[in-house]
Amino acid sequence: MKEARKLKLSWKMKGVAALLVIAPITTVMVGAIKQSSLETRIQNRGIASVNEYSSTTTSDVAGMDLSHLSLAELKKTFKYQLLRDVHATKFKDSINLTLGVFFVKDDRGNKVFACDRYPQIQLTLDSNNSTKILESPCSISADQNHIEATAINFESSDNAQWKVTDLKLLGQRQGDNLEVNPSEIRSVLGQEIEIEDIR
């Protein structure tokens, strides 16, 4: 009887020992299967991991380069880059407009700043039932991070609340223009471009 009990205890001890060895292995295997399954689901849904995101994120500089696009693609894409960080300011007798800068192809296929190909900016301003169309030279800011336009000799009544409702970049050749119309401005920004009045 004692030997039978010893055998039973021996088998129980072996069973416990086996469980102690198998349990961690099983936990690791289940964890690996879950992780693999999660990664497969993430890839199937097109969600980037933190590592993938950090290695594939393009910089603002890369987003500025639209010179590889066809004219049709450029006309669709430039609006988002142009309206990025847009800011308009009205002083006593002028309006200043800051826009996102980008590169395009010139007639020879070289990469140039947008202002090199489109040297004039045309603004349409609306206030109540009044509309004004102004033109300004297209200039690149000193830090080369923005396009700047300044319309001088702008006069209006003190209580007028002006908004930019249409923007055109005018090229040197007739018909070579880029335009952001009122519905496109509202589509990108959710509203017209408000002009901050600085006295």
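The values are calculated or read from the model by the stated rules, or taken from the named source; none is laboratory data. Quantities reported herein were computed from a predicted structural model and do not represent experimental measurements. Please note: Cβ atoms are built from the backbone with ideal geometry, for glycine as well, and neighbour counts cover all protein chains shown. For the accessible areas, the whole protein counts, side chains as well, though only heavy atoms, and no ligand, DNA or RNA atoms are used. Shrake-Rupley method; radii C 1.70, N 1.55, O 1.52, S 1.80 Å.
Taking 7 Å along the Cα-to-C-beta vector as the label spot, tell me the Glu194-Ile140 distance in nanometres, rounded to one decimal.
Once both label points are built, they end up 3.2 nm from each other.
Between the DSSP loop rule and a limit of at most 10 other Cβ atoms within 10 Å, which GluC sites (Glu not before Pro) in the range 94-199 are left?
Answer by residue number: Glu155.
Give me the Å³ per residue figure for the convex hull around the C-alpha atoms of the range 91-199.
About 117 Å³ per residue, rounded to a whole number.
Using a 1.4 angstrom probe on the protein heavy atoms only, line up Asp197, Asp116 by accessible area, largest first.
Highest to lowest solvent-accessible surface, that is Asp116, Asp197.
Once you put a point 7 Å from the Cα of Ser130 and another 7 Å from the Cα of Ser183, both along the Cβ direction, what distance in nm separates them?
Result: 2.9 nm between the two label points.
Can you pull out the chymotrypsin sites (Phe, Trp or Tyr not before Pro) in the range 110-199 whose DSSP state is coil and whose Cβ has at most 15 other Cβ atoms within 10 Å?
Answer by residue number: there is no such site.
Treat each spin label as a single point 7 Å out from the Cα along the C-beta direction, and report the His68 to Lys111 distance in nm.
It works out to 0.9 nm between the two label points.
How much accessible area per residue does the range 157-199 have, in Å², with a 1.4 Å probe?
Here the per-residue accessible area is 60 Å².
If you roll a 1.4 angstrom probe over the protein chains with everything in place, what fraction of the accessible area of the range 54-199 belongs to carbon and sulfur, to the nearest %?
45 percent
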